[in-house]
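Below is one structure; the comments refer to it alone.
The values are calculated or read from the model by the stated rules, or taken from the named source; none is laboratory data. What you see is a predicted model; the values in this text were computed from it and never measured. Note that we place each Cβ from the backbone using ideal geometry, even for glycine, and neighbour counts take in every protein chain shown. Note: areas computed on protein heavy atoms with side chains; ligands, DNA, RNA excluded. Shrake-Rupley method; radii C 1.70, N 1.55, O 1.52, S 1.80 Å.
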Amino acid sequence: MLELKNVSKIYNPGTVTELCLFDNFNFTVKGGEFVSVVGSNGSGKTSMLNIICGSIPVSDGRVLIDGKNVNTLPEFKRYRMIGRVYQNPSAGTCPNMTILENMSLADNKGKRFGLSFGVNNARKEFYRSQLSSLGLGLEDKLDVKLGALSGGQRQAVSLLMATMTPIDFLILDEHTAALDPKTAEIIMELTDKVIKEKNLTAIMVTHNLRYAVEYGTRLVMMDKGNIILDKQGEEKQNVKVDDILDIFNKISIECGN
Amino acid sequence: MLFFATTIDGLQMGLCFAVLALGVYISYSILDFPDLSVDGTFPLGGVCCTVLMLKLGIPALIAVFLSFFAGLIAGAVTGMLHVKFNISKLLSGIIVMTALLSVTLALTKLLTKTGFTTTIFSFRSENLTGIFSGKTAALLGNANRDYMIILIELIFVIAVKVIIDLFLKTKLGYMLKATGDNEMLVASLGKDNGTYKILGIALANGFSAMSGALYSNLYSQYDNSSGSGKVVMALASVIIGIAVFSKIRFIADTTAVILGAVIYSLCLNYLVLVDTNGIYLKLLNAVMFALILIFNEKTASFTAKHSKLKRGKNKC
């Protein structure tokens, strides 16, 4: 379970550009939930993810994972419990290393990176089967450098790498935004499959309202650092894209654009 | 004959600097860290090795290995300055380089006069004929000291190359590569990329110091100004090596770097033939480096164009 309790975030405190994004923000994600988060630019979606992962510090309040305060844990230690897929397909992989090397890196997450050989040949079959589950033909390209793959293929590998070892949370940060519609569809289906198969708790930020409506068990809409819509369970199943679009339009009119 | 002697000298120098270039390959190519402290750790290794050999009477080979650790420590300081205190990469290198100027000077004070000792290149031909027999012995018996120096250096450089190659295949080596490639990924694997940066820079400077130690063994002397220009020299070697030889499939990056160092040293030595007064040496040196970079740029665009054509023919 993940909890944000009374979180405040002030950017550039004490300067003319001071911006209070979150003021006493509360948000709870229960184990097994798949939350889709939508909202306009600057509504605090990515900031929220960064606060959860420890990429940016909070000004006030607490971040709790399974009831434990992780405020003081640095980013890299939090990633031992969290898997994250970024918007930029190259962010989740090493472009100058081969698929095999990347897979071994991900496979060893949480273990010691010592002086034993990086690639364990006994695991090759496992990597192949994992890659073939993507259905992109990558299982025959183990020795190809990641940088030579297309954005969609890279994102698929990123997703695989982020979920390879047991994690408590999967954070998806607009992970289909940089892909073409067809590839985005494939990646989104893969994501759903992986989350269901491994029974992961996931938070997905997206700008694609259809994905937010179709996938996930809970839908959250954010605006100016507040949650203005939170549908779960049956309510979530009945939400239509048009409903959300209506709310979006209302917010935009209030903002004056 | 002069040309021949210059070539031999260039080979000896080049193989000596190949160790330095291999170190800089770790910091520059793998970690993407332009490390200037190399200018300081090269003479540091030289002076440490000389002091150990002359003052403490430690055997040459062991002294060379021990000087590796002197560089390791200095490199770790550079890494810490950058990682723990957020000083920029270039500045942390400059700070350590400047500090080492004094350190090496202080160590030089321990060496008041010249002394006699055995360097790793000292040998007697009788010993060699003992190891080799028949035709090889006849050949080696006649070979002069120069060839033997090259042989010993070659063994040394290949050993370093193999160690680096093996290291880069370990999990730790993978993390080093990943740190240079994508820091974010290292963090998302739950590891602190700072640790790997410090380790990489420490190793790079260790090899730089080792190269300095070899250098003082090679010329049987220690020169406090031997560090100046080593960064440029090593970078040039790495860039030349990777640019020219990495395109050939079966040549590993480390081998390419060694070849780059040898070629660069040979070119430097030939420049001395051209400019006997040595006034325009640095200018010629710079022009040569620039030409190589331009040439590299041209061949890169050339291969890019042609590989595209080829891909169109074969694929899909």
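When each of B:GLY206, B:GLY260, B:GLY227, B:GLY200 is tested for being within 13 Å of B:LEU15 (Cα to Cα) and in contact (Cβ under 8 Å) with a residue 40 or more places away in the chain, the lone residue that passes is B:GLY260. Has region A:121-135 got at least one residue that is open to solvent by 50 Å² or more (accessible area, probe 1.4 Å), in contact (Cβ under 8 Å) with a residue 40 or more places away in the chain and not in a loop (DSSP other than H, G, I, E, B)? No, that holds for no residue.
Here's the yes/no breakdown for (1) part of a helix (DSSP H, G or I); (2) aliphatic (A, V, I, L, M):
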residue	(1), (2)
B:ALA21	yes, yes
B:LEU36	no, yes
B:PHE42	yes, no
B:CYS49	yes, no
B:LEU52	yes, yes
B:LEU72	yes, yes
B:GLY79	yes, no
B:HIS82	yes, no
B:LEU100	yes, yes
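Contact map, region B:158-185: residues that are at the interface with chain A (Cβ under 8 Å from one of its Cβ atoms) and farther than 17 Å from A:LYS145 by Cβ paired with residues that are open to solvent by 60 Å² or more (accessible area, probe 1.4 Å) and not in a helix (DSSP H, G or I), Cβ distance under 7 Å, separation 6+ or inter-chain. Pairs shown: B:THR170/A:LEU115; B:THR170/A:PHE117; B:LEU172/A:LEU115.
For every residue, the table says whether it meets (1) closer than 25 Å to B:ALA252 by Cα; (2) at pLDDT below 90.
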| site | (1), (2) |
| --- | --- |
| B:MET1 | no, yes |
| B:THR6 | no, yes |
| B:ASP9 | no, yes |
| B:VAL19 | yes, no |
| B:VAL24 | yes, no |
| B:TYR28 | yes, no |
| B:PHE33 | yes, no |
| B:ASP39 | no, no |
| B:PRO43 | no, no |
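In summary, A:LEU142 fulfils each of the numbered conditions (1) closer than 30 Å to B:PHE167 by Cβ; (2) open to solvent by less than 20 Å² (accessible area, probe 1.4 Å); (3) part of a helix (DSSP H, G or I) with the single exception of condition (3). The selection criterion, being of a type outside the set (Val, Ile, Thr), closer than 30 Å to A:THR165 by Cα and open to solvent by 80 Å² or more (accessible area, probe 1.4 Å), holds for A:GLU214. Each residue in region A:6-37 was checked for being surrounded by 15 or more Cβ atoms within 10 Å (Cβ to Cβ) and either within 22 Å of the chain's Cα centre (by Cα) or of a type in the set (A, V, I, L, M, F, W, C) (or both), and 14 pass. For B:TYR264, the stated conditions do not hold, so it cannot be described as among the hydroxyl-bearing types (Ser, Thr, Tyr) and over 14 Å from the mean Cα position of the chain (by Cα).
What residue, of A:PRO89, A:PRO57, is open to solvent by less than 30 Å² (accessible area, probe 1.4 Å) and more than 11 Å from every other protein chain (Cβ to nearest Cβ)? Spell out how you get there, then give the answer.
Working: A:PRO57 fails: open to solvent by less than 30 Å² (accessible area, probe 1.4 Å).
Criteria check complete, one pass: A:PRO89.
Only a single criterion out of (1) more than 10 Å from every other protein chain (Cβ to nearest Cβ); (2) of a type in the set (A, V, I, L, M, F, W, C); (3) touching a Phe, Trp or Tyr at 6+ places or on another chain (Cβ under 6 Å) is not satisfied by A:ILE82, namely (1). Inspect region A:38-50 for any residue being surrounded by 13 or more Cβ atoms within 10 Å (Cβ to Cβ), part of a helix (DSSP H, G or I), within 14 Å of another protein chain (Cβ to nearest Cβ) and out of contact with any Ser or Thr (no Cβ under 9 Å at 6 or more places or on another chain) and give the result as yes or no. Yes: one or more hits. In region A:93-110, what residues are open to solvent by 20 Å² or more (accessible area, probe 1.4 Å) and at the interface with chain B (Cβ under 8 Å from one of its Cβ atoms)? Scanning region A:93-110 gives A:PRO95, A:ASN96, A:GLU101, A:LYS109, A:GLY110. For the subset of region B:277-311 comprising residues that are under 16 Å from B:ALA236 (Cβ atoms) and open to solvent by less than 50 Å² (accessible area, probe 1.4 Å), which member is modelled with the highest pLDDT? Restricting to residues being under 16 Å from B:ALA236 (Cβ atoms) and open to solvent by less than 50 Å² (accessible area, probe 1.4 Å), the top hit is B:ALA290.
Give A:GLY92, A:GLY39 a once-over and let me know the one that is of a type outside the set (Ser, Thr, Tyr), in contact with a helix residue (DSSP H, G or I) (Cβ under 7 Å, 6 or more places away or on another chain) and under 20 Å from A:THR217 (Cα atoms).
Numbers: A:GLY92 fails: under 20 Å from A:THR217 (Cα atoms).
It is A:GLY39.
Of all residues in region B:159-180, those that are open to solvent by 20 Å² or more (accessible area, probe 1.4 Å) and over 18 Å from A:ASP107 (Cα atoms) total 8.
When restricted to residues that are among the hydrophobic types (A, V, I, L, M, F, W, C) and open to solvent by less than 10 Å² (accessible area, probe 1.4 Å), region B:222-240 contains 4.
What is the residue count in region A:95-117 for residues that are of a type outside the set (A, V, I, L, M, F, W, C), assigned to a loop (DSSP other than H, G, I, E, B) and within 16 Å of B:LEU185 (Cα to Cα)? Steps first, answer last, please.
Here is the first cut: in region A:95-117, the ones of a type outside the set (A, V, I, L, M, F, W, C) are A:95-96, A:98, A:101-102, A:104, A:107-112, A:114, A:116.
Retained after the next criterion (residues that are assigned to a loop (DSSP other than H, G, I, E, B)): A:95-96, A:108-112, A:114, A:116.
After this cut, where a residue has to be within 16 Å of B:LEU185 (Cα to Cα) as well, the list is A:95-96, A:108-112.
Counting residues in region A:95-117 that are of a type outside the set (A, V, I, L, M, F, W, C), assigned to a loop (DSSP other than H, G, I, E, B) and within 16 Å of B:LEU185 (Cα to Cα) gives 7.
Can you confirm whether A:VAL70 is more than 29 Å from A:GLY147 (Cα to Cα), within 14 Å of chain B (Cβ to nearest Cβ) and among the β-branched types (Val, Ile, Thr)? So A:VAL70 fits the description; yes.
Could you identify the single residue in A:VAL119, A:VAL85 that is of a type in the set (A, V, I, L, M, F, W, C) and in contact with a Gly (Cβ under 8 Å, 6 or more places away or on another chain)?
Details: A:VAL119 fails: in contact with a Gly (Cβ under 8 Å, 6 or more places away or on another chain).
Of the residues listed, the single one that is of a type in the set (A, V, I, L, M, F, W, C) and in contact with a Gly (Cβ under 8 Å, 6 or more places away or on another chain) is A:VAL85.
Scan region A:167-179 and give yes if some residue there is away from chain B (no Cβ under 14 Å), outside any strand (DSSP E or B), in contact with a helix residue (DSSP H, G or I) (Cβ under 8 Å, 6 or more places away or on another chain) and of a type in the set (Asp, Glu), otherwise no. Checked region A:167-179: at least one residue is away from chain B (no Cβ under 14 Å), outside any strand (DSSP E or B), in contact with a helix residue (DSSP H, G or I) (Cβ under 8 Å, 6 or more places away or on another chain) and of a type in the set (Asp, Glu).
In region A:60-72, which residues are open to solvent by 50 Å² or more (accessible area, probe 1.4 Å) and either within 21 Å of A:LYS236 (Cβ to Cβ) or in contact (Cβ under 8 Å) with a residue 24 or more places away in the chain (or both)?
Selection gives A:ASP60, A:ARG62, A:ASP66, A:GLY67.
Within region B:190-221, the set of residues being at the interface with chain A (Cβ under 8 Å from one of its Cβ atoms) and open to solvent by 10 Å² or more (accessible area, probe 1.4 Å) comprises B:LYS191, B:ASP192, B:ASN193.
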